Amino acid sequence: MYKAVIFDMDGTILNTISDLTAASNYALEQMGRCHDFTEEKIKLCFGCGIDADMEKVLALEGGCPEEKLEYIGSSIPFSRYHFSEKDVETLKSFFVPRYAAHCREKTAPYKGIPEVLSALRSHGVLTAVASNKDDRDVQVLAESLFPRLFDKAMGNHKEIRRKPAPDMVLEILEDFHVPPAEAVYIGDSEVDIETAKSAGLPCISVSWGFRTAPFLCAHGAEVMVSSPAELLPFLMG
């Protein structure tokens, strides 16, 4: 049995996509851009940190195919989809306060996740969240929707590198006094797979979140579950 289990937040323990989609469409509308994107489209844009997420939202609005969104800002320049760094900052300036004010309207834990967390804690397993979501939002959601179910929650802030850098995960494990070999990371995206690898942890990928099972397999997923009920056998051995 693992001594510590670290979870991603969006798409892993919380279904946040309705509130993320509403805030994204609102921000696009404020910029005079197309703003009728579905949850299935918007969820492909989130998971890499606020700046990268906003870049992908603008690329999506500019006509970027879904399968190329992950390359925006790296091998694909913004100019190909008709936006700039200034546009990214503008979109973020509308998105961030809107999302912060409405992040709990439709967001809820995935069915079965609270029971998994309760079972882990009842067996003395330490639990944590490591998310690229802004730290303020992470704290609000963890405290309000998972009261007393996490020993530590960390989100994106200026003092630490965002995932897939291992910093958040390693800081959590240091606070827990648990070595990477005795912990596991659980997430729903390619970023989570890379994060676990860079931190030296095994990774369990979940297929109910923001990425599909084929996408995760193509990005190196080695262990995958399709429901929260499948987690405990892996976690408690």
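Every number here is computed from the coordinates shown, using simple stated rules; none is lab data. Everything numeric in this text was worked out from a predicted model, so none of it was measured. Counting neighbours? That spans all protein chains shown, and the Cβs are built from the backbone with ideal geometry, glycine included.
Note the full-extension length gain between Glu89 and Glu159 as 0.36 nm times their separation in residues minus their Cα-Cα distance, in nm to one decimal.
My answer for the length gained is 23.2 nm.
State the extension gain, in nm to one decimal, for the chain segment bounded by Cys34 and Ala101, taking 0.36 nm per residue of separation less the distance between their alpha-carbons.
Net length gain for the segment: 21.9 nm.
Enter the angle in degrees (range 0 to 90, nearest 10) between the Cα long axis of helix 190-199 and the first principal axis of the Cα atoms of the chain, meaning the one along which they spread out most.
50
With both bridge residues required to lie in segment 1-140, what share of the DSSP beta bridges run antiparallel, to the nearest 5%?
Around 25 percent antiparallel, to the nearest 5.
If you take the Cα atoms of segment 1-128, find Rg, then find the Kirkwood Rh from the mean of 1/r over all pairs, what is Rg/Rh?
Rounded to two decimals, Rg/Rh equals 1.06.
Counting Lys and Arg as +1 and Asp and Glu as -1, each charge on the Cβ, what is the dipole of the chain about the Cα centre in debye, to the nearest 20?
180
Give me the distance between the Cα centres of segment 16-43 and segment 49-81, rounded to whole Å.
14
Provide the FRET efficiency to the nearest 0.05 for the Ile76-Ser122 pair, computing r from the beta carbons and using R0 = 45 Å.
Computed FRET efficiency for Ile76 and Ser122 comes out at 0.45.
How would you rank 95-106, 14-25, highest first, on the average number of other Cβ atoms within 10 Å across their residues?
Ranking the peptides 95-106, 14-25 by packing returns 14-25, 95-106.
Could you tell me what percent of the DSSP beta bridges with both partners in the chain are antiparallel, to the nearest 5?
The answer is about 10 percent antiparallel.
With the contact rule set at Cα under 8 Å and sequence spacing of 6 or more, what percent relative contact order holds for segment 17-102?
It rounds to 34 percent for segment 17-102.
Please compute P(r) over all alpha-carbon pairs of segment 138-237, binned at 5 Å starting from zero, and give each bin as a whole-number percent.
Pairs per bin, as whole percents: 2, 12, 20, 22, 25, 14, 4, 0.
Over every pair of different alpha-carbon atoms in the chain, take the mean of 1/r and invert it; report that Kirkwood radius in Å.
17.9
From the alpha carbon gyration tensor of segment 50-89, can you work out the equivalent ellipsoid semi-axes (sqrt of 5 times each eigenvalue) and give them in Å, largest to smallest?
13, 10, 9
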